[in-house]
Amino acid sequence: MTADHRSAPPLSGSERDTLRAFLDYHRATLAMKCEGLTDEELRRQSMAPSTLSLLGLVRHMAEVERAWFHRAFEDRDAPMVWSDEIDFQAAYDASASTRSEAFGAWEAEVERSRRIEKEAASLDVTGYQPRWDKEVSLRFVMTHMLLEYGRHNGHADFLREGVDGTVGA
C-alpha cells in the first residue's frame, strides 16, 4: 500500500476554495497511484487491445492541463505537450517515456494551471477553448478538470491493481 499524503478537501468553504482543493486532491491521487513503481511498471498496459498505462495517464493529464488552462487562458496557439496536433490519444503512447519525462511535463503543467487559476479575478473569467471554438469560464474549466481526473483516477485504480495488487483510495 502506498502512503497517503493527500490533503482532504474542506467540508465547507467558498466555491473557488472547494474547487481548488478537490482538483489538488485528484492531482495528488494520480501521483499516489504511481508512487513506488518503476518506469517499466508505469508503462505496463492494461490488456489488449488497450494501450492504457499509468504513465500514459500522466502524459494524457499533462495534455489536458495544457489544453484547458494554458491554451484557454494564456496562449491559444501554444503547442501541445506530446503531439503536433490536438491529439489527446497520442499521450497514451508511453512506450518510450520515463517517469522523469512524464512527471516533469505533468508537474510543470499543473504548476502553470495553479498559477493561472490563482491569478484569475474570479471563476467568471473566461478563456477561449480552441477545440470547441467557444468561450469557457474558469468555473467550467475547473469543473471539467475534476471530471477528467475523476474518470482517469478510476482507470489508475485498475491499472495499479494490475501492476502490483495495490488497491484503495
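Only the coordinates and a few stated rules stand behind these numbers; no lab work does. Note that the structure is a prediction, hence the values are computed from the model and not measured. Please note: Cβ atoms are built from the backbone with ideal geometry, for glycine as well, and neighbour counts cover all protein chains shown.
Would you mind ranking LYS33, LYS134 so that the residue whose beta carbon has the fewest other beta carbons within 10 Å leads the list?
Listing LYS33, LYS134 from fewest to most nearby Cβ atoms yields LYS134, LYS33.
Can you tell me the Rg and Dmax of segment 1-90, counting just the alpha carbons, in angstroms?
My reading of the Cα-based Rg and Dmax gives 15.7, 44 Å.
Testing the spin-label approximation: label points 7 Å from Cα along Cα→Cβ at ASP17 and THR166. State their distance in nm.
Distance between label points: 3.1 nm.
Share of Cα-Cα pairs in the chain beyond 20 Å, in percent? Numbers along the way, then the final one.
Details: 7251 of 14196 pairs.
For the chain, the fraction of Cα-Cα distances above 20 Å is 51 percent.
Any idea which of GLY150, VAL81, PHE69 is furthest toward the positive side of the dipole for segment 32-164, if Lys and Arg beta-carbons carry +1 and Asp and Glu beta-carbons -1?
Of the listed residues, the answer is GLY150.
Summing -39500 (n - 2.57) over the DSSP H runs of n ≥ 4 in the chain and dividing by its residue number, what mean residue ellipticity at 222 nm do you reach, to the nearest 500 deg cm²/dmol? Mind dumping the intermediate values first?
Numbers: 5 runs with 85 residues, N = 169.
The per-residue figure over the chain is -17000 deg cm²/dmol.
Whole Å is fine, so just give me how far the alpha carbon centre of segment 119-154 lies from that of segment 1-59.
That distance is 18 Å.
Take the Cα pairs of segment 86-169, get the Kirkwood Rh, then feed it into Stokes-Einstein at 25 °C and 0.890 mPa s and tell me D in µm²/s.
It diffuses with D of about 160 µm²/s by this estimate.
Any idea what the dipole of segment 32-164 comes to, in debye rounded to 20, about its Cα centre with Lys/Arg Cβ at +1 and Asp/Glu Cβ at -1?
In total the dipole reaches around 280 debye.
Calculate how large, on average over all directions, the projected area of the Cα convex hull of segment 34-82 is; give the answer in nm² to one decimal. Working shown, then result.
Values: hull surface 16.9 nm².
So the mean shadow area of the Cα hull is 4.2 nm².
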